Amino acid sequence: MDKLAGLVNRAAKVFTPALHLYYPITIAKGSGATIESTDGKRYLDFSSGLAVLNVGHNHPRVLEAARKQLDSFVHTGGIYYSETSVAAAEKLVTITPEGLDMLFFSNSGAEAVEGALKLARFVTGRQGIVSFTGAFHGRTLGAISVTTSTALYRRRYHPLLPSVYHSPYPSCFRCPFQAGPDTCGLSCLRYLRSLFERQIPAEEVAAVIIEPVLGEGGYYPAPARFLAELRKLCTEHGILLIFDEVQSGMGRTGRWFAGELSSVVPDIMTVAKGIASGFPLSAVVAGKELMQRWEPGAHGTTFGGNPVSCAASIATIEVIQKQKLLDKSTLGGDRALNRLRRIAARFPVVGDVRGFGYMIGIEFVDKLGEPDADACRKVLDHCLANGLILIGCGPKRNIVRFIPPLVVTDAEMEAALDIFEEGVKGVQ
Ligand SMILES: Cc1ncc(COP(=O)(O)O)c(C=O)c1O
C-alpha cells in the first residue's frame, strides 16, 4: 500500500465520514501560493486553504510573529489580559469600516456568526432573523439555521432556531425572479418587504444577515444597489444589518471588506478565515454604542482571542498593508477576470465569470444554460491532475471558486490560467 492510501485508511478509522476532505493530497509543506505533497508533487493552491491564506502559506512575517508569541505564553483562557490580544483588536478596528470599532474574538466563522446573532437578539430584544437563500454561515446549530446553500447541511437537524426567515439572494446570473439586467426591479427587496407584511412584522426582526458576496452558495456578488436599499430598509425598521465577511473579507475582493464595494456599512460584521492566515481566530465587530449594551456574561469564550492567533493576525494585516495586497488583488483580479472572460467568450460551457479582486466565480452551463456540474467536475479534475488546486461551489456544484492567495505571482497566475483553459477546452 502506498503512503497516501495508508494515510487515507488511517484517517477513515479515526475521522467520522461527516468530515469531508476535498482531495487525496497529503500536504508536506506550504509556501506562498504553492504546496508540496508528501509524494513530492507541487501544486498551485488556488483554494487558499478554503479562502484563508490570503497572504499565502507560511508567510515568514506571520510565522515570526507567532513564534515570538509562543516563546512567552500560548493561552489566557479569559483569565488574564494579554498585550497581543488587545493590540490585535486595536489593529483590526483600524481596517474595519468607520464606526465598527469594538469586537469580540472567537475561533471560527460559525462562532462569529453565533455571536453576531446573539448580539442582535440581546440588544434589540427582538427574536426574528432574516437570512438569504443560498447563504452559508457555518455548521453550528444557529449558523445552519441561517444557512440554505444546501439542504444537506440542515438534514436531520430540525427543528432549528425558530423565527428565522429566508428571503431570495440577489444572485443575478440566476435571478430568483427570472429578471435580467434591464428588467430587474429589485424583486428580491420587494420579496423581503412582503415577508415583513405576511410572515413577521419588521418591528419583531432583530437582524438581517447577508454575505455581501455569496460564497459557498455560488460566488454571486450582491448588487451595490440592492445592499444600499437593504441598508435603508433595516435602518427604517431598527433592524440590525449583519454582513458576514468571513469569506469575502481581509482583502479577498481588493477591499479590506467586500461591503466597501457598495459603500454600505453594516451594524455588525463577522470576520474569520483570512484574519490570521490559518491560525484559528474570528471576530464579531460592531459599533461601541451596540457593543456596550452587550452585558458582561452575555457571551464568552475559552480560546477566543488566543494570543498566538492574535500575533499572526497583526502580522497578517501588516503584510497586506506593506505588500499593498489590496491593490494587487484589485489589479491582478481584473487581469484574471479579463482572461477568464475571453475564455468564456470562446467556450460556451463557461456561462459566467464574475467577482471582484481574487474572489472570482466561474459558472459552467450546458447548452440550455442549465448548471453543468459534470463539466465543472471534469475541469477541476484536469486542473488537479496538472498541479492546480481549485474547488467548486454552488447548490449544483457547477461553479469554480478561483481564489488564489493575494501574494500569487504573475507567473503562477499565468500558469494557473493556462491549465484552467486547457481543462475548459477538454470539456467542449
Ligand atoms: C461566509 C461564511 N460564513 C461562515 C463560515 C463558517 O466558517 P467556519 O468554517 O470557520 O466556521 C464560512 C465558511 O466557509 C463562510 O464562508
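Quick notes
- Contact order relative to length of region 60-322, as percent, for alpha carbon pairs under 8 angstrom and 6 or more apart: 31
- Estimated [θ] at 222 nm from DSSP helical runs (n ≥ 4, -39500 (n - 2.57)) normalised by residues in the chain, nearest 500: -12000 deg cm²/dmol
- Between LEU53, THR124, SER72, the Cα set farthest toward the positive side of the dipole of region 1-138 (charges on each charged residue's Cβ, about the Cα centre) is that of LEU53.
- For PHE105, PHE196, order by how many other beta-carbon atoms lie within 10 Å, fewest first: PHE196, PHE105
- Region 232-311 shape via C-alpha gyration tensor axes, a/c threshold 1.5: oblate
- Each peptide in 259-265, 72-78, 28-34 receives the mean, over its residues, of other Cβ atoms within 10 Å, and ordering these scores from highest gives 259-265, 28-34, 72-78.
- Coupling constants for region 80-95 follow from the phi torsions by the Karplus curve (6.51 cos²θ - 1.76 cosθ + 1.60, θ = phi - 60°), and in residue order they are 10, 7, 10, 3, 5, 5, 5, 4, 5, 5, 4, 5, 4, 6, 7, 10 Hz; glycine and proline get x.
- In this calculation the C-beta distance from ALA5 to HIS158 is compared with R0 = 45 Å, giving a FRET efficiency of 0.75.
- At full extension, GLU197 and HIS299 could sit 33.5 nm farther apart than now, given 0.36 nm per residue minus the alpha carbon distance.
- Least to most buried among MET250, MET359 (fewest other Cβ within 10 Å first): MET359, MET250
- Shape analysis of the chain places it in the oblate category; the axes a ≥ b ≥ c from the Cα gyration tensor give an a/c of at least 1.5, with a/b not above b/c.
- Rounded to the nearest Hz, the phi-derived 3J(HN,Hα) couplings of region 261-271 under the Karplus curve 6.51 cos²θ - 1.76 cosθ + 1.60 (θ = phi - 60°) are 5, 10, 6, 9, 9, x, 8, 9, 9, 10, 10, where x marks glycine and proline.
- In this calculation the C-beta distance from ASN386 to TYR165 is compared with R0 = 35 Å, giving a FRET efficiency of 0.20.
- Whole-angstrom gap from region 368-428 to region 47-116, using each part's C-alpha centre: 31
- Under-5 Å amide H pairs with ALA206, H placed in peptide plane, nonlocal only: GLN127, GLY128, ILE129
- Around ARG255: net Lys/Arg minus Asp/Glu count, Cβ-Cβ under 12 Å: -2
- Residues of type lysines that LYS91 reaches as a straight line, Cα spacing below 17 Å, ignoring anything fewer than 8 places off in the same chain: LYS273, LYS288, LYS322, LYS324
- Spin-label pair ARG341/LEU19, simplified geometry with 7 Å Cα→Cβ offset, distance in nm: 4.3
- Local electrostatic count at LEU92 - Lys and Arg +1, Asp and Glu -1, tallied over other residues with Cβ under 14 Å: -3
- Per-residue packing, averaged as other Cβ atoms within 10 Å, sorts the ranges 157-165, 312-320, 377-385 into the order 312-320, 377-385, 157-165, beginning with the highest.
- Using Cβ point charges alone (K and R +1, D and E -1), the dipole size of region 251-399 about the Cα centre works out to roughly 500 debye.
- Vicinal HN-Hα couplings computed from phi for region 179-188 (Karplus, 6.51 cos²θ - 1.76 cosθ + 1.60; Hz; Gly/Pro x): 8, x, x, 7, 10, 5, x, 6, 4, 4
- Taking GLY238, GLY361, GLY185 in turn, the Gaussian network model of the chain (Cα-Cα springs below 10 Å) assigns the largest fluctuation to GLY185.
- Net +/- balance of residues flanking ALA373 in space, Cβ distance below 9 Å, scoring K and R +1, D and E -1: +1
- By average C-beta atoms within 10 angstrom, highest first, the peptides 404-410, 121-127: 404-410, 121-127
All of the numbers you see were taken from the coordinates with simple rules; none came from a lab. These numbers come from a predicted model, not from an experiment. We place every Cβ from the backbone using ideal geometry, glycine too, and count neighbours over all the protein chains shown.
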